[in-house]
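Working notes for the structure below.
The values are calculated or read from the model by the stated rules, or taken from the named source; none is laboratory data. Keep in mind it's a predicted model, so treat the numbers as computed, not measured. Methodologically, a virtual Cβ is constructed for each residue, glycine included, from the backbone with ideal geometry; neighbour enumeration extends over all protein chains shown. Just so you know, the surface numbers come from the protein's heavy atoms only, side chains and all, with ligands and any DNA or RNA stripped out. Shrake-Rupley method; radii C 1.70, N 1.55, O 1.52, S 1.80 Å.
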Amino acid sequence: MSNPVFSRSDVFGEPRRTGNAGGRRGGTATYPNQSPAYGTPPQPGQYGQYGAAGQQAMDASQLDAMYESPSATTADTKRLTYDDVIIKTGGLLALLVVVAAATWTLVPPAMLSMVMIVGAIGGLVLGLVNAFKRNPSPALIVLYTVFQGAFLGAISLVYSQIAQGAVPQAVIGTVSVFAVSLFLFKSGKVRVTPKFTRWLMFALIGYALFSLINFVLLITGVLDGFGMRSGPIGVIVGLVAVGLAAASLIVDFDSIKRGVEAGVPAKMAWSAAFGLLVTLIWLYLEILRIVAIFNSSD
């Protein structure tokens, strides 16, 4: 898996093969403290033997009432749905945009660097905390969104001063890549297989090492500007990064699909929304950098 938010999750991660132990029986994944999905027949020994001593059998009227009652929905059983993920992702994105816009318009130019540093560090720390938490914390996820909104507002303003029109173009590019990734996933033209996720993992490790080396060269003064990401090489590296982010989105969609089909708890919608937000922020920054390189060279 590429996104640690999903790959470390017990409910979104790839099923693990553990034979007949460790929560997998007969090839069906189960999760700690989770009842079977709606409609799944009880397993032997799970609720005791029907008609056993100490357990009263239902009479005919009770059986009629049970079968005539409406079917339970995912809301009744408190299972994860796509609507849950969409609503929470949309809410976090709205908060991100509001904070970024407030930072853009209200923060004095002299404080932009400080806001950018505080937002980046706060977002990094909270991102790691949220990624490694087993159960999602809505408060921490919202706080992460606020820090990242401040960071994006500040850095977007800086990029707009370097290359006019870079921000709206980056926003359009991000929405376009997201839409294309979703189409490729829904249409089945790109399938998430173990080979695909393994390739993506190695590619992301290579890109992370390249970015780390470039960052060290920049802060030590060996390189300036965009560092090794300047000019044509920078554009090529940026396009590779956009491709990796798009592939990560497809893997994220697959993880959410598995979670919905497995009937995981509804609270995991916060984790799914957080994971998508992390990937979208990365995608936006990569496209913003590419657009800035193009526009600044005009």
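Given the residues 163, 100, 203, which is the only one that is surrounded by 14 or more Cβ atoms within 10 Å (Cβ to Cβ), in contact with a Gly (Cβ under 8 Å, 6 or more places away or on another chain) and of a type outside the set (Phe, Trp, Tyr)? Break it down into steps so the answer makes sense when it comes.
On the way: 163 fails: in contact with a Gly (Cβ under 8 Å, 6 or more places away or on another chain); 203 fails: in contact with a Gly (Cβ under 8 Å, 6 or more places away or on another chain).
Just a single option satisfies the conditions, and that option is 100.
Just give me the residues in the range 276-295 being closer than 13 Å to residue 226 by Cα and touching a Gly at 6+ places or on another chain (Cβ under 9 Å), in sequence order.
286, 288, 289, 290, 291, 293
Being of a type outside the set (D, E, K, R) and either over 22 Å from residue 237 (Cβ atoms) or surrounded by 15 or more Cβ atoms within 10 Å (Cβ to Cβ) (or both) is the requirement here; does residue 140 meet it? Can you show your working first?
Numbers: of a type outside the set (D, E, K, R): yes; either over 22 Å from residue 237 (Cβ atoms) or surrounded by 15 or more Cβ atoms within 10 Å (Cβ to Cβ) (or both): yes.
So residue 140 fits the description; yes.
Could you please let me know if residue 145 is open to solvent by less than 30 Å² (accessible area, probe 1.4 Å) and over 12 Å from residue 277 (Cβ atoms)?
Numbers: open to solvent by less than 30 Å² (accessible area, probe 1.4 Å): yes; over 12 Å from residue 277 (Cβ atoms): no.
Here the answer is no, as residue 145 does not meet what is asked.
Filter the range 206-232 down to the residues that are polar (S, T, N, Q) and assigned to a loop (DSSP other than H, G, I, E, B), then identify the one that is surrounded by the fewest Cβ atoms within 10 Å (Cβ to Cβ).
220
Can you tell me which residue among 245, 203 is in contact (Cβ under 8 Å) with a residue 12 or more places away in the chain and under 20 Å from residue 292 (Cα atoms)? Working first, answer last.
On the way: 203 fails: under 20 Å from residue 292 (Cα atoms).
The conditions single out 245.
If residue 110 meets every condition in (1) more than 27 Å from residue 272 (Cα to Cα); (2) surrounded by 13 or more Cβ atoms within 10 Å (Cβ to Cβ) apart from one, which number is that one?
Condition (2) is where residue 110 drops out.
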